[in-house]
Structures are given as C-alpha cells and as structure tokens.
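Below is one structure, written out as structure tokens; the observations come after it.
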Amino acid sequence: MKWTNKGNEKIPFMKVVEAVRQNPAFCIYGAGQYGRELYGLLKEFHLLDCFIDNDKNKQRNGFQGVQVIGEDEYWKKEKRPLIVIAASAENTENIKLHLQEKGLICNQNFFIFKEFINKIFPIIVYFIFGKVYVNLSQICVTERCSLKCKKCAHGCYAVKSDKEDLTLEQIKKSADVFFAKIDYICEFVLIGGEPLLHRQLAEAVEYIGSRYRDKINIFSITTNGTIRPSGQLLDACKRYEVLFRISNYSKQLTKLEKQYQLLKALFEENGICCIIGRPDSSWMDYGFEYLNRNGTEEELINVFDRCDTPCHEIRENKFYFCVMARSVSENLSKNVGEDDYLDLDKLKGPNWKRELLEFILGYSEKGYLDMCNFCYGAECYEHPIPVAEQL
Ligand code: SF4
Ligand code: SF4
C-alpha cells in the first residue's frame, strides 16, 4: 500500500479493537505448538482467558499453567471471549468451518493464528496499549552458508566463502535501534546463511538476551543443522531460552537425519528447546533468477499487497519489510531497491509510532519493493520445488 496520508491512514479491524476494549480476553483454540506461541503473546498483554481443546488430558491438567476447556464449556460462558484458532493448516480449516456453522464470523468473533499475530495484534496493541508490536524480524548475521541450495530464498549460494559477516558491533546496533522503537515482538530470529558460521554468535545472543529478552516472546536461531554449536553458544542459549529451529533437509540430504538426532540430543542435554522442521514440506520457487515482470506501479503494488510476507529484517538502522528482497538483491548482485527500507533512526516526531504501525501493516512511500518485479510473491505456491537441492 502506498502512503497517501502518512500517519493517518485508515486502519482496518477497528471493530475488533472495540470488542477487545469491551472484553479484553481471548480463548486460544488449540493447546499445542502454535497455542504455546500465542500463549506467550496474550499473557504478556494480559489478554488470555483460557485454551479450548478436545484433549481430555489437557482439560484435566491444563496447558502452560492455564485452564483448558472443552468447546461445550466455551458456549456456556456468559461473556464469550474472542477466539484465535492456533492449529495446523488442516485442523484450522475444520475448526473454522465448525465455528462458522455455529454462527461465528471469521475476523469478527474468531481469528486465524497467522493473520492474527501478523496483522491484527499490532493494531490491538497500538490502539489499546499505545505500544508497537511486530510479529517477526530477523538479523542476518552472515550471508555465508555451509550448504549451497540451488533455490535458496536469500540467494546465499552465490555468496563467496570469504564474504564479511555482520560485525558484532553491527549486530548490537541492529538490536539497539530495533528495540528502541519496538516494544514487543513475537519472534526475533538470528539467521543466515548459516548463523552458526558466525564466530561471535554466542556474544550476539548474550548481548540481545541480556538487554532485550523481556521484549521478545520467542528468541530463536534458524539453522540448517550442519554445525555443532559451541559450549559457549549453548550456555548463552540456555540462559536466554533461545529456541533452535532446525530446517529439515533430510529428504534431499539423507545423511543429515543422523546429525539432526545428535543435535536434538545435545539440545535436550543442555535444556534448550529445538524444533526440527517437517521433512516432507516442499519449497516454493520465487523466480528471483529469471522472472522480470516489468510491472507498472499499480501492478507492483498489487504484487506486494497480495504477498504479505511476515519476514522483516533489521540491519543497523534499516528496517526492511522483506528480508528476501534485501538479501537476494545483494547476493545475486541485482542491486535494486537499495532504498526500500524504513530508517528507524530517522523515525521521529509526534506521530512516529503510528507511522511505524502503518509500515508494519504494509504501507511505504512507493507501496512496493523494487524486488517485487523479480518475484512471484503470493504466486510462489504455484511453483513448488524440491527442498534444498544442492548446486
Ligand atoms: S541452508 Fe538455508 S541459507 Fe543455506 S543455502 Fe540452503 S536455504 Fe540458503
Ligand atoms: S513479492 Fe516483494 S515483498 Fe513479497 S517476497 Fe517477493 S520481493 Fe518480498
């Protein structure tokens, strides 16, 4: 979306804000992995009523120390809270249809996890608490990688092994600038390339963890699982409850399966959480290497708006809406969109929080990124490719 009235754009979901003012409580439908993520967020803002789950065990014992009720109990409540469905894609669809049959309306009485944490929660947090919340942001500590995936969405296969990483000072500055403006984030990620190649990753975790951990729901490192973390890194990750997300490439690179299990055991031994991705998921081809839309302004704004990527990046003072746009442009030497970021240092004046909210919701000066010209965006799902094919 293109800014036409910066700082005063019309914001959607204002009826939801009103409903939350009237009854500041949500039920999370699904006491599992997504429910746990959402629990942290809603708890932080004192907006959690209970979980809804059919699992009788969970109903008996609770989940995350919170009451779990069956759906029947929900309908008996006098003042029924809004619901967020936090389940797998397939279960989400079933629950959604079921709630609609019961007369509830999507985006009015109930919400879907991804859209809620990405688009609706920032609005609730801004208007009810006067704070700035963002769903996800990353620091790419290095563009180097220990693998060479043909279709790496960051274009890391083209990066020379001697390319300079972000220095520790640059990482510190990125975190400082970011948290000077953002009050709370659902997930803050250290990523690459392969982040474990960065020689001072433990210091980076220590710095961010010691200063900003209370502003982060999930502090994570995304790794391809090829490198064993050092003792120093494990210590820092334990101290600051860092979650390791291991991308699962075992279908393509079968020998990695054993490595994942070794890592899992190591993390368990050290009291660190890790999630190994599903092995059967496919990748999407964004078309960065060959697509050129030669789009008009209107077409590119449409591509950007439909894409709705949640993967933002902070790089010193520069807040990029799309980490792929920045990294691919740089790593594949496309060198376009070099000004496609919000300068957080320059964000000043009485209305800066509102401007930042609008940016998070997808507003910008141009309304698109130059890299959208070279990207399938939302259409990428029509172009599935095998996971992690190597060059
Ligand atoms: S492991 Fe990840 S960062 Fe490395 S080349 Fe593959 S997709 Fe890119
Ligand atoms: S369409 Fe634009 S915003 Fe979306 S992933 Fe591609 S470059 Fe990023």
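The values are calculated or read from the model by the stated rules, or taken from the named source; none is laboratory data. Quick caveat, the model's predicted, so the values are computed rather than measured. Neighbour counts are summed over all protein chains in view; Cβ atoms, including those assigned to glycine, are modelled from backbone coordinates with ideal geometry. The accessibility values were calculated without ligands, DNA or RNA, using every heavy atom of the protein model including side chains. Shrake-Rupley method; radii C 1.70, N 1.55, O 1.52, S 1.80 Å.
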Output the number of residues of the stretch 37-58 satisfying the condition of being in a loop (DSSP other than H, G, I, E, B) and on the phi < 0 side of the Ramachandran plot. 5
Return the residues of the stretch 316-364 that are of a type outside the set (A, V, I, L, M, F, W, C) and within 16 Å of ligand 1 (Cβ to nearest atom); say none if nothing qualifies. ARG326, SER327, SER329, GLU330, ASN331
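Here is a yes/no grid of residues against (1) crowded, with 18+ Cβ neighbours inside 10 Å; (2) assigned to a helix (DSSP H, G or I); (3) in contact (Cβ under 8 Å) with a residue 60 or more places away in the chain:
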site: LYS6; (1), (2), (3): no, no, yes
site: LYS10; (1), (2), (3): no, no, no
site: GLU18; (1), (2), (3): no, yes, no
site: GLY35; (1), (2), (3): yes, yes, no
site: ARG60; (1), (2), (3): no, yes, no
site: ASP72; (1), (2), (3): no, yes, no
Boolean, ILE185 is open to solvent by 20 Å² or more (accessible area, probe 1.4 Å) and among the hydrophobic types (A, V, I, L, M, F, W, C): no
Quick one: in the stretch 305-314, of everything that is touching a helix residue (DSSP H, G or I) at 6+ places or on another chain (Cβ under 6 Å) and open to solvent by 20 Å² or more (accessible area, probe 1.4 Å), which residue is nearest to HIS154 (Cα to Cα)? CYS311
Among (1) within 22 Å of CYS311 (Cβ to Cβ); (2) in contact with a strand residue (DSSP E or B) (Cβ under 9 Å, 6 or more places away or on another chain), which single condition is ASN109 missing? (1)
May I ask you to list pairs of residues, at least six apart or on different chains, whose Cβ atoms are under 9 Å apart, with the first in the stretch 79-100 being more than 27 Å from VAL17 (Cβ to Cβ) and the second being among the hydrophobic types (A, V, I, L, M, F, W, C) and loosely packed, with under 15 Cβ neighbours inside 10 Å? none
Which condition number in (1) in the same structural domain as LYS181 (by TED's automatic domain parsing); (2) farther than 21 Å from ILE120 by Cα; (3) touching a residue at least 24 places away in the same chain (Cβ under 8 Å) is the one that ASP339 fails? (3)
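In the set ILE208, ILE221, which member is open to solvent by less than 10 Å² (accessible area, probe 1.4 Å), at pLDDT 95 or above, in a strand (DSSP E or B) and touching a helix residue (DSSP H, G or I) at 6+ places or on another chain (Cβ under 8 Å)?
ILE221 is the lone residue from the list that is open to solvent by less than 10 Å² (accessible area, probe 1.4 Å), at pLDDT 95 or above, in a strand (DSSP E or B) and touching a helix residue (DSSP H, G or I) at 6+ places or on another chain (Cβ under 8 Å).
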Please specify each residue of the stretch 317-353 satisfying the condition of being in contact with a Phe, Trp or Tyr (Cβ under 8 Å, 6 or more places away or on another chain) and either modelled with pLDDT under 95 or part of a loop (DSSP other than H, G, I, E, B) (or both). PHE321, LEU332, LYS334, VAL336, ASP340, TYR341
Search the stretch 247-295 for residues being closer than 24 Å to ARG326 by Cβ and of a type in the set (Phe, Trp, Tyr), and hand back the single one that is least open to solvent (accessible area, probe 1.4 Å). PHE288
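Would you check which residues across the stretch 262-284 are assigned to a loop (DSSP other than H, G, I, E, B) and modelled with pLDDT under 95 and list them?
Within the stretch 262-284, GLY277, ARG278, PRO279, ASP280, SER281, SER282 qualify.
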Residues of the stretch 83-111 satisfying the condition of being of a type outside the set (Phe, Trp, Tyr), open to solvent by less than 40 Å² (accessible area, probe 1.4 Å) and closer than 23 Å to GLU187 by Cα: ILE83, VAL84, ILE85, ALA86, ALA87, THR92
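Here is a yes/no grid of residues against (1) within 13 Å of ligand 1 (Cβ to nearest atom); (2) among the small types (Gly, Ala, Ser); (3) assigned by TED's automatic domain parsing to the domain that holds PHE319:
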| residue | (1), (2), (3) |
| --- | --- |
| VAL141 | yes, no, yes |
| SER146 | yes, yes, yes |
| CYS149 | yes, no, yes |
| LYS160 | no, no, yes |
| PHE178 | no, no, yes |
| ASP183 | no, no, yes |
| GLY193 | yes, yes, yes |
GLY193 fails exactly one of the following numbered conditions: (1) within 16 Å of ligand 2 (Cβ to nearest atom); (2) buried (at least 23 other Cβ atoms within 10 Å of the Cβ). What is the number of that condition? (1)
Output the residues belonging to the stretch 355-391 that are crowded, with 17+ Cβ neighbours inside 10 Å, away from ligand 2 (no atom under 16 Å from the Cβ) and not acidic (Asp, Glu). LEU356, LEU357, VAL387, ALA388
For the stretch 156-169, which residues satisfy the criterion of being out of contact with any His (no Cβ under 9 Å at 6 or more places or on another chain) and either touching a residue at least 60 places away in the same chain (Cβ under 8 Å) or within 16 Å of ligand 2 (Cβ to nearest atom) (or both)? CYS156, TYR157, ALA158, VAL159
Could you run through the stretch 354-391 and say how many residues are in a loop (DSSP other than H, G, I, E, B) and in contact with a helix residue (DSSP H, G or I) (Cβ under 6 Å, 6 or more places away or on another chain)? 4
Among ALA175, ALA153, which is within 16 Å of ligand 2 (Cβ to nearest atom) and either surrounded by fewer than 20 Cβ atoms within 10 Å (Cβ to Cβ) or part of a helix (DSSP H, G or I) (or both)? ALA153
